[in-house]
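Written below as structure tokens is the structure these notes are about.
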Amino acid sequence: MGLIGNLQAVVIFIVVSLVALIAYVILRLQQQRVLLNALPQPPSAGWFGHLKILGDITKEFPKELHPHSYLHIVREKYGLGDVFYMNAWPLGYPMLAISHPQIAEQALLQPKHESLSGYLSPITGDHSLIYMEGKEWKKWRSIFNPGFSHSHLMTLIPGIVEDSLVFCDILEEHARKADVFRLEELATRVTVDIIGKLLDIFTVCLFLMLISSPHLRSYRTGRSVQCAEVKQSIADGHEVSDQVV
């Protein structure tokens with residue numbers, strides 16, 4: 001075969017591959033859309049499934065809105081019950097949305113989905129308690145049981161209350177200002193504050209809720225912030241600077 005013959009073979013191969021790929025996508029798309037036909041779900045936009053609904057939410061609400069809010073918005077908008085399905089294939093697996101605690105508890109007893117390890121393994125590693133199953137999970141989870149005992153948890157309440165009161169003060173300040181702020185970021189900071197205090201990390205008081213930096217710069221730079229230093233600065237009416245950490 002000459003050069004022209006080789007080019008023709010390559011073109012034919014590319015065309016056949018594209019046709020096969022398009023046919024596969026169309027078939028999979030049809031299977032995914034039919035999969036949830038008899039199940040509770042918001043109105044489907046044909047081939048686009050629920051992608052259009054999710055796209056409309058991103059246009060209607062602030063771009064900083066956490067994606068976890070989308071399902072609640074869909075449920076309220078279309079009057080759905082405690083259990084409904086969302087199909088965003090090919091962007092992701094079909095989702096089961098549950099807003100009832102007892103039903104959610106039953107779902108948690110089911111085997112974990114295969115996508116969980118693939119999603120979290122870059123963060124947690126290939127072997128994590130989060131996606132262990134059966135006897136292996138029970139063995140390693142039992143190691144943490146003393147930390148969740150009632151007597152131990154009771155000793156942690158004062159520290160949790162202290163950070164929670166600071167959190168409430170910040171929320172009240174935002175309410176007085178009537179401003180728009182990112183609750184997710186603030187909630188993340190109070191969570192890290194509480195965890196850091198409970199773990200007694202290097203006896204350092206993080207106070208991320210009161211420091212403008214969202215990162216643990218004290219550990220990155222090798223300098224720590226003592227609780228007394230931060231509290232005194234707050235009492236003096238000064239804003240805690242990033243340079244403190």
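The values are calculated or read from the model by the stated rules, or taken from the named source; none is laboratory data. Just so it is clear, the structure is predicted and the values come from calculations on it, not from any experiment. Quick reminder, even Gly has a Cβ in these numbers, built from the backbone with ideal geometry, and neighbours come from all protein chains shown.
I need a count of the residues in the range 172-182 that are surrounded by 12 or more Cβ atoms within 10 Å (Cβ to Cβ) and either part of a helix (DSSP H, G or I) or in contact (Cβ under 8 Å) with a residue 12 or more places away in the chain (or both).
Within the range 172-182, the subset surrounded by 12 or more Cβ atoms within 10 Å (Cβ to Cβ) is 174, 181-182.
Of the ones still in play, those that are also either part of a helix (DSSP H, G or I) or in contact (Cβ under 8 Å) with a residue 12 or more places away in the chain (or both) are 174, 182.
Number satisfying all stated conditions: 2.
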Identity of the residue in the range 35-52, surrounded by 16 or more Cβ atoms within 10 Å (Cβ to Cβ) and in contact with a Ser or Thr (Cβ under 9 Å, 6 or more places away or on another chain), that ends up modelled with the highest pLDDT: 50
Of all residues making up the range 53-73, the number that are exposed (fewer than 12 other Cβ atoms within 10 Å of the Cβ) and either of a type in the set (A, V, I, L, M) or free of Cβ contacts under 8 Å to residues at least 60 places away in the same chain (or both): 6
Within the range 93-148, tally of residues that are within 20 Å of the chain's Cα centre (by Cα), in a helix (DSSP H, G or I) and surrounded by 10 or more Cβ atoms within 10 Å (Cβ to Cβ): 14
